[in-house]
Structures are given as structure tokens and as C-alpha cells.
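Q: A single structure is presented below for examination.
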Amino acid sequence: FHDRDVEWVVRAVHECGLDVVQLHGDERPAFVEHVRKYAAVIKSFKIRPGFDFSVLDEYDAADHFLFDTYKEGQPGGTGLVFDWKILKGSPINKPFFLAGGLNPMNVRSAICEVSPFCVDVASGIEISPGVKDHKLMKEFIYAAR
């Protein structure tokens, strides 16, 4: 979900029987706390040089964090990699997902470098926007394992 109102997200949780939601917008800590009453929450953050990791402390209600590439005006799916070294040694107090430009060629390096709980991929396994390539999906899974 990206910048939906809290009632919309909670309704979607109930109507779709969701166990987990990913909040990929500018949702504040109180929003996360409210949604967490109904489903587990993955709260995403867009990473760029100078990102203030102390903001993570405000999101204690989240079950996991997701770190994606910052690009002005785009909520995600940029296909761009951020500098993973930013995560090393940062005060991250939850298991986290790594996203942002991952593909079959770099996912193994990403996992080895920052040891994420999970990896998140979209455009890195597409042959065109929104169209997944089964061969790339298999290659990605093989490399990640």
C-alpha cells in the first residue's frame, strides 16, 4: 500500500483476508500501530546517502522493515540499486527486507553483503514493465538460495 488512508488499508485487510501488509509510503508511526492491530506490517523506507536510521526507532509497531532505493517522485520499482554499505553497522532493530534494483546477477552479492531477512524483487525479473519473465524468476531464486 502506498499512502492510502488507514481505513482503506484496514478494510482491504478484512476483505482480502491479509495476514501481512507492506506500507510503502509516508505512513507515520501511529498509522503503523493502528494497522498492526489487524495484520503484521512491513514498513518500507527509501534509502539515500544521509538517511537518518534513528527514525526507525519510531516504528516499533512494525514487524519488519524494507529498505528500497530513493528516487524523487517514485514510490518504488525504480530498478535502481542503492549503496548497500549504508546498511552495514546501522542501528536496525528489526529483521529487514532488501529491495531496490535486485536481479539474478546481484542478489547473491546483496545477501552476502548485508544479510537481509528477505529480498524483494519486481523490475529485476521483468521483460517489460509489469511482465515477469519465468526464466529470470528461476534464476533469481536460484541465486538467492
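The values are calculated or read from the model by the stated rules, or taken from the named source; none is laboratory data. Quantities reported herein were computed from a predicted structural model and do not represent experimental measurements. Cβ sites come from the backbone with ideal geometry, for glycine too, and all protein chains shown count toward neighbours. To get the accessible areas, we keep the full protein, side chains included, count just its heavy atoms, and leave off ligands, DNA and RNA. Shrake-Rupley method; radii C 1.70, N 1.55, O 1.52, S 1.80 Å.
Q: Compute the Cα gyration tensor for segment 63-145, then decide on rounded, prolate or oblate, letting a ≥ b ≥ c be the square roots of its eigenvalues: rounded whenever a/c is under 1.5, prolate when a/b is larger than b/c in the other cases, and oblate in all that remain.
A: oblate
Q: Give me the percent of accessible area attributable to carbon and sulfur for segment 40-145, probe 1.4 angstrom. Mind showing how you got there, number by number?
A: Values: 3220 of 5790 Å².
Looking at segment 40-145 in its full context, I get 56 percent from C and S.
Q: Separate question: Normalising by the residue count of the chain, find the relative contact order in percent from Cα pairs under 8 Å and 6+ residues apart.
A: 17
Q: Also: When the dipole is taken about the Cα centre of the chain, and only Lys, Arg (+1) and Asp, Glu (-1) are charged at their Cβ, what size is it in debye, to the nearest 20?
A: It comes to approximately 500 debye.
Q: Moving to a separate point now. Mind checking the per residue accessible area of the chain for me, 1.4 Å probe, whole number of Å²?
A: Value for the chain: 57 Å² per residue.
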